[in-house]
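Structure, as structure tokens:
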Amino acid sequence: MSLEWLGEFVHDVPDFPTPGVLFKDISPLLADPDALRFAVEAMAEPYVGGDVDHVAGIDARGFILGAAVAYRLGCGFVPIRKFGKLPRATVSRSYDLEYANNTIEMHADAFAPGDRVVLVDDVLATGGTAAASLELVADTGADVAGAAFLIELGFLDGRKRLGTHVPHVLLSYD
Ligand code: AMP
């Protein structure tokens, strides 16, 4: 097993969800027991023993990977959701997409000040979603202990938007 081997479980789907987008479909990776375990272990690896209190996973594939990473680290999981899905008081952030605007939310009491939080998502593309998520985490007074992504679309330079946080990435595409 290797990262090259893992990459074979990510399938490219052209023109989804809109023309011109090359969608990285991770369903074959999630469906394979060896690939799923390898990916979760490798995403969690830099943070093992790092006193992490919570993984924050981004809606929706970040929930799948993030909950598994949290289990591996022995910490809790907090969902960062699309607007309107959380039942209690929230903090929110809006950010621009290419042709639209998006808002994400988290429960306002999700973290205590000083909690160490690792952000998890499947794909780092333009970085807008991850940057807004990091701002939400910081808003609560928690500390960002890391940001882990299965895939980075390097040509979109999303990591630039993460400021001082250097992302941990398994598969990078240029
Ligand atoms: P961005 O805010 O541009 O970094 O986009 C990141 C979010 O959009 C992640 O939650 C991804 O799940 C999703 N995403 C963006 N581009 C792709 C892509 N090419 N294939 C799959 N998911 C993507």
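The values are calculated or read from the model by the stated rules, or taken from the named source; none is laboratory data. Keep in mind that this is a model prediction, so the values were computed, not measured. Here the Cβ is made from the backbone with ideal geometry for all residues, glycine too, and neighbour counts use every protein chain on show. Side chains included, ligands, DNA and RNA excluded: accessible areas come from the protein's heavy atoms. Shrake-Rupley method; radii C 1.70, N 1.55, O 1.52, S 1.80 Å.
Filter region 16-49 down to the residues that are within 16 Å of the ligand (Cβ to nearest atom), open to solvent by less than 40 Å² (accessible area, probe 1.4 Å) and touching a helix residue (DSSP H, G or I) at 6+ places or on another chain (Cβ under 7 Å) and list them by number.
Ile26, Leu29, Ala39, Met43
Look at region 55-86 and say how many of its residues are over 21 Å from Thr103 (Cα atoms) and in a strand (DSSP E or B). Steps first, answer last, please.
We begin by selecting, within region 55-86, every residue over 21 Å from Thr103 (Cα atoms); these are 65, 67-76.
Still in the running and in a strand (DSSP E or B): 76.
Residues in region 55-86 being over 21 Å from Thr103 (Cα atoms) and in a strand (DSSP E or B): 1 in total.
If you take the residues of region 75-111 that are within 25 Å of Pro46 (Cα to Cα) and either open to solvent by 70 Å² or more (accessible area, probe 1.4 Å) or aromatic (Phe, Trp, Tyr) (or both), which of them is nearest to the ligand (Cβ to nearest atom)?
Per the criteria, the residue is Phe77.
Regarding region 127-149, can at least one residue be identified that is at pLDDT 95 or above, in a loop (DSSP other than H, G, I, E, B) and within 15 Å of the ligand (Cβ to nearest atom)?
yes
Among the residues of region 150-174, which ones are on the phi > 0 side of the Ramachandran plot and not in a loop (DSSP other than H, G, I, E, B)? Explain how you work it out, then say what you get.
Just the residues of region 150-174 that are on the phi > 0 side of the Ramachandran plot, to begin with: 157, 163.
Those that are on the phi > 0 side of the Ramachandran plot and not in a loop (DSSP other than H, G, I, E, B): none in region 150-174.
Could you list, in sequence order, all residues of region 61-74 that are under 15 Å from Val123 (Cβ atoms) and either more than 16 Å from the ligand (Cβ to nearest atom) or touching a Pro at 6+ places or on another chain (Cβ under 9 Å) (or both)?
Listed by number, the residues that qualify are Gly62, Phe63, Gly66.
Listed residues Val13, Val117, Val52; which is open to solvent by less than 70 Å² (accessible area, probe 1.4 Å), more than 20 Å from Ile151 (Cβ to Cβ), in a strand (DSSP E or B) and in contact with a strand residue (DSSP E or B) (Cβ under 9 Å, 6 or more places away or on another chain)? Step through it out loud before you land on a result.
Working: Val13 fails: more than 20 Å from Ile151 (Cβ to Cβ); Val52 fails: in a strand (DSSP E or B).
Selected residue: Val117, the only one of Val13, Val117, Val52 that is open to solvent by less than 70 Å² (accessible area, probe 1.4 Å), more than 20 Å from Ile151 (Cβ to Cβ), in a strand (DSSP E or B) and in contact with a strand residue (DSSP E or B) (Cβ under 9 Å, 6 or more places away or on another chain).
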